[in-house]
Structure formats: C-alpha cells, structure tokens
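**Student:** Let me begin by handing over the structure; questions about it come next.
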Amino acid sequence: MSELSAIDFSTVLSHCGIDLAAHQGDGITVRSPIDGATLAQLAAVPVTAMPAVIDRAAQAFKQWRLEPAPVRGELVRLWGEELRRCKTDIGQVVSREVGKIVQEGLGEVQEGVDICEFAVGLSRQLHGKTIVSERPGHRMMEQYHPLGPVAVITAFNFPSAVFAWNAALALVCGDPVIFKPSEKAPLSGLATFQALERAIARFGDRAPTGLAQIVLGHSDVAEALVDSPQIALVSATGSCRMGRTVGPKVAARFGKRILELGGNNAMVVTPAADLELAVRAIVFSAVGTAGQRCTSLRRLIVHHTVKTALLDKLLQAYASLRIGHPLHTGTLVGPLIDQTAFTAMQHSLTQAQAQGGAVLTGGQRVLADQFPHAYYVAPAIVDMPAQTAVVQHETFAPLLYVLTYDTLDQAIAWNNGVPQGLSSCIFSNDLREVETFLGAAGSDCGIANVNLGPSGAEIGGAFGGEKETGGDRESGSDAWKQYMRRTTNTINYSRGLPLAQGIQFG
Ligand code: NAD
C-alpha cells in the first residue's frame, strides 16, 4: 500500500484550499469510485441564481477586455504556479474522485501547468495579419479582440485539465469564465478553481469581480449557460448525447461553441509494424484510466498475417495487469466511475457476443469482495468478425474490439467507418502505408498518429475531432482564435476613395 491512500481526505481538500463546509448542502452526492464511499454532499446552485452569475461575468468582461493581453497573461502565469505548487494534492483529489491511478492524477494537473505556460507565451502573440490591399493608399489588417464570457462545461473523466485548457486560453484572450464541472467530479473542479482564486488574489485589483466563477450543479445549470445570449462561447466536453442537445441550442442563438465529444478510436497494425512497440501502445491506450478517456483505444484493426503474433503478446500483457486501488503503488487499472458504467460495459459485451464476437479475455467484475460498492473490471478483448453495430458505439470502459483486415483500404475504411472522429493511429514502418493513412484519403479523425497510440495528447497541438466528436478544437496551435472575435480593418490613407474590384460609382 502507498502512503497516499492513508492520508485523510479532508486534509487533502484543505491543502487545496477547499472549505467543504461552505459548499455543503443538497443536490450533489459525491461518491468515490474506489470504494463507493460518500466523499461529500454539496449544494447545487439553483437555476434561478444563474442570471446573476452570468451578469457578473458580463460586467467583468467590460473591464478585463481592456487589460493588455500580457497583463492578463501574468494572471495565468500565477495560476500555473499555484497548480504546480498543489499538483500532488489536486492529483489526489482527482484520483479519489474519479479513480485515476496516481501518475494519471498528477499528469492531469501537469496538463493544467503546461497550458498555463503555453497561454502565457500566447498572451504576447495574439496577432492578426497585415494584408496587401488592391487599392492604392490603403492597408488591410486583422485584429483579434476579446469575445465575451465563456462557459466551460466539463466531463467527469478530465475534471481538472479540461477546465484549465479552456480557462487559461479564455483568460489571456480577455474573456471571463464560468465553470460548470461534472456533477460526478465537482471536488476536482473546486480544487483546480481554488488554485485560480489564489492566483486572482495575488494578481490584485486589476482582476474584476466575476472574472472566474464556478457553479456546481447538474445539466439544468449547464443549460442556463447554453441558453444565455450573454455567453459568447460555450465550450462543452462530454458525450455525443450531450452535444446533440447543446450544439443546436447554441446555434439557434448564433452563439459560438466548442464541442469536445465522444470518440471511438482505432489503431491499424500492419505487417510492417514493430509489434513490441504496438503492444505497449495498445495496453496504455486501451486500459489506461480504465478505458475512460475520450481518446482510449477501442478498435484494434490488425492485418491477418500478424494477428496471432500480436494477440499472443497482448494477451500475455493483459494477464499481468495490476487492477486495484488507484492510490496503491503498482496499480495500472483503477475502477470504473460507477455502476452505470459497469452495466453499460456488460451490455456491450453481451451485444458483441450476439453479433458474432468471441471474448478472448476479461470483461468480468473483479475485487467485488474487497470493494462491494465499487466496480473494478478485468479489461476485455473481443475478437469481432466485422465492424458490427456495437463496435460503432463508444463504450466508456476497457473494452477493446479486434478486427482483422486484408488490405490497407479496408483497414482505413473501418478506421473511418464509425460516427465518431476523434483519434486514430497506424503502426507501420512502411512509408507508403503511413503516408496513405495520413493523407487526404486516409484517417478522417482530428488526431492521426504514427507509431504511437491514440491517447495522451500534448497541449501544444490542437485537440478535437470530426463528425460526432463535434468538429471543434481546443488547447494548442491556433485554438485560441475561437476565444476571440476577429475584425478585418481597411485603412485609407490616400486622398481619394478608390473602390474595390475597380468599380466606378457616380
Ligand atoms: P456527459 O455528457 O454525461 O456530461 C458532461 C457534462 O455535460 C456534465 O457537466 C453534464 O452536467 C453536462 N450535461 C449533460 N447533459 C447536458 C445538457 N443536456 N445540456 C447541458 N449540459 C449537459 O459526459 P460524461 O459521462 O461526464 O463524460 C464522458 C464522455 O465525455 C465520453 O463520451 C467521452 O468520450 C467524452 N469526453 C470527450 C472529450 C473530448 O475532448 N472529446 C474529453 C473528455 C470526455
């Protein structure tokens, strides 16, 4: 047993600056997936309070947008410092609340630190282009200006990092943020938010009241943000089901949105693959976070000539997986988030077998005697005859389907033949295969990797996916542009008024 599981949880929360008494009330019961124990009873914000919350953000925007971006960057720099200082404690809250193993809990907070550093650099680079004009004595340019209040609605499985990804960029871009964490992981949200509050306190008066707010609650609270025309950008991370409701609502009021929804990620393993490397990548991406990452590997598309060799190695690796208490040293697979997730996995396994699948390993509940109120499972591998209906759904659990292909065209068609389009990868040392996979007729996903798994993205790249994954991007590259409004300015410094396209008027 590691020392971490022995530390009193209230001590961890107080290190994170969370005053549990201040949040206690009705509405949200927080349970640990580790053992089913109740961690907290929290008050949900009533929907009737939301107009005032949104108004505060709108007022804060009037002041914050006028601060120079590098000054705004200084606040985010302080936030990064606070996250770094509290990394172990926030990581522990994440582990206890959503069941991530220690390194994954820490890694999640590190993503917050990384995006803060990225955003600080960005705060001196929010630049548009200067564009040559076709008219004499004219100059064209574009500018990026702050957009307005940003709502950040997050999923349970990245309860800290996804808020940081969005808020760090929004704050340097000049936008106040309202954070609605998952009702399954509000404590991780509070811990991350408290670090921001401390940064704001250190930053001083130049941060207006209402610059950053957190609202604990269920989907009704999120809906108040989605429906408000005062919320300029809704960034919502979660299931495709949620996105199907949120997307049209935001569109109906011509708001902006970033939708980061479900994935159904594949790996193609060709005859030219390094199988040892592939096995390591499969294990990490299929069973890491107990298969509860949007980028988890769910479909293994393997060439028939290497299938037996690959599966032999994979089954061996699965046999040695350590499943258990996520805070104990050596554990690689923690619990599922709740009973609903377990039931959904069992349902998919039954469906897969009815559709011709053969379970090669796993799928069953384990450690039930030790943790009768929690749901630990043995990660499953199911050999499928084809990409049947169940394979096209995202089952948020460690359930890996194997599909056997003959031609690369077929493998790519399967890779693309699902409604989701988040992440994908190919294992091959054949340049032709690799470039075909990355090319215009290759993978249709937002992320396409070579010789590494589909999960574990770096913050420097734009993150997101196509089709039912939402079509948007957040985090690195030029994702910041979505948190700003763009203006194109044409300046006439001549004494005439020449018109564009050579038009003569009057
Ligand atoms: P979920 O859709 O149940 O909930 C996500 C958030 O949306 C919660 O805060 C919830 O309160 C809110 N919500 C739910 N219904 C809503 C509605 N009608 N209107 C407004 N808000 C609503 O998702 P979950 O179970 O917490 O998370 C798992 C899912 O999230 C998986 O599908 C996973 O792939 C996806 N996910 C995607 C990404 C990504 O970046 N693409 C990242 C993490 C998780």
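Yes/no per residue for (1) more than 10 Å from the ligand (Cβ to nearest atom); (2) in contact (Cβ under 8 Å) with a residue 40 or more places away in the chain; (3) not assigned by the TED database to the domain that holds F396:
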residue: R257; (1), (2), (3): yes, yes, yes
residue: V269; (1), (2), (3): yes, yes, no
residue: A273; (1), (2), (3): yes, yes, no
residue: A278; (1), (2), (3): yes, yes, no
residue: V283; (1), (2), (3): yes, no, no
residue: Q292; (1), (2), (3): no, yes, no
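**Student:** Still on this model: Of everything in segment 107-163 that's acidic (D, E) and within 22 Å of the chain's Cα centre (by Cα), which residue is nearest to E183 (Cα to Cα)?
**Tutor:** The extreme case among them is E108.
**Student:** Enumerate the pairs (first residue in segment 8-33 and farther than 19 Å from R198 by Cβ; second residue anywhere and assigned to a strand (DSSP E or B) and of a type in the set (G, A, S)) with beta-carbon separation below 7 Å, excluding pairs fewer than 6 apart on the same chain, so at least 6 apart or on different chains.
**Tutor:** Final answer for the pair search is Q24/A43; G25/A43; D26/A43; G27/A43; V30/A40.
**Student:** OK, next. Among the basic types (K, R), free of Cβ contacts under 8 Å to residues at least 12 places away in the same chain and on the phi < 0 side of the Ramachandran plot - does that describe any residue in segment 424-433?
**Tutor:** Yes: segment 424-433 contains one or more residues that are among the basic types (K, R), free of Cβ contacts under 8 Å to residues at least 12 places away in the same chain and on the phi < 0 side of the Ramachandran plot.
**Student:** Pick from segment 207-219 the residues that are in a loop (DSSP other than H, G, I, E, B) and surrounded by 15 or more Cβ atoms within 10 Å (Cβ to Cβ): which of them is nearest to the ligand (Cβ to nearest atom)?
**Tutor:** H218
**Student:** Please find, among V434, V402, the residue that is more than 22 Å from D383 (Cα to Cα), surrounded by 14 or more Cβ atoms within 10 Å (Cβ to Cβ) and at pLDDT 95 or above.
**Tutor:** When all the criteria are applied, what remains is V434.
**Student:** Same structure, new question: Name every residue in segment 166-205 that is away from the ligand (no atom under 14 Å from the Cβ), outside any helix (DSSP H, G or I) and in contact with a helix residue (DSSP H, G or I) (Cβ under 7 Å, 6 or more places away or on another chain), in order of residue number.
**Tutor:** C173, G174, D175, P176, V177 - these are the residues of segment 166-205 that are away from the ligand (no atom under 14 Å from the Cβ), outside any helix (DSSP H, G or I) and in contact with a helix residue (DSSP H, G or I) (Cβ under 7 Å, 6 or more places away or on another chain).
**Student:** Name the residues in segment 456-497 that are within 12 Å of the ligand (Cβ to nearest atom) and at pLDDT below 95, would you?
**Tutor:** A457, the sole residue that qualifies.
**Student:** Let me ask another. Out of the residues in segment 444-453 that are away from the ligand (no atom under 12 Å from the Cβ) and under 14 Å from Q420 (Cα atoms), state the one that is nearest to the chain's Cα centre (by Cα).
**Tutor:** Checked segment 444-453; the qualifying residue nearest to the chain's Cα centre (by Cα) is A448.
**Student:** Next question. Test of understanding: among V382, V333, V377, which residue is in contact with a Phe, Trp or Tyr (Cβ under 9 Å, 6 or more places away or on another chain) and free of Cβ contacts under 8 Å to residues at least 40 places away in the same chain?
**Tutor:** It is V382.
The values are calculated or read from the model by the stated rules, or taken from the named source; none is laboratory data. Small disclaimer: the values here were computed from a predicted structure and weren't measured. Cβ: placed from backbone, ideal geometry, glycine included. Neighbour counts: every protein chain shown.
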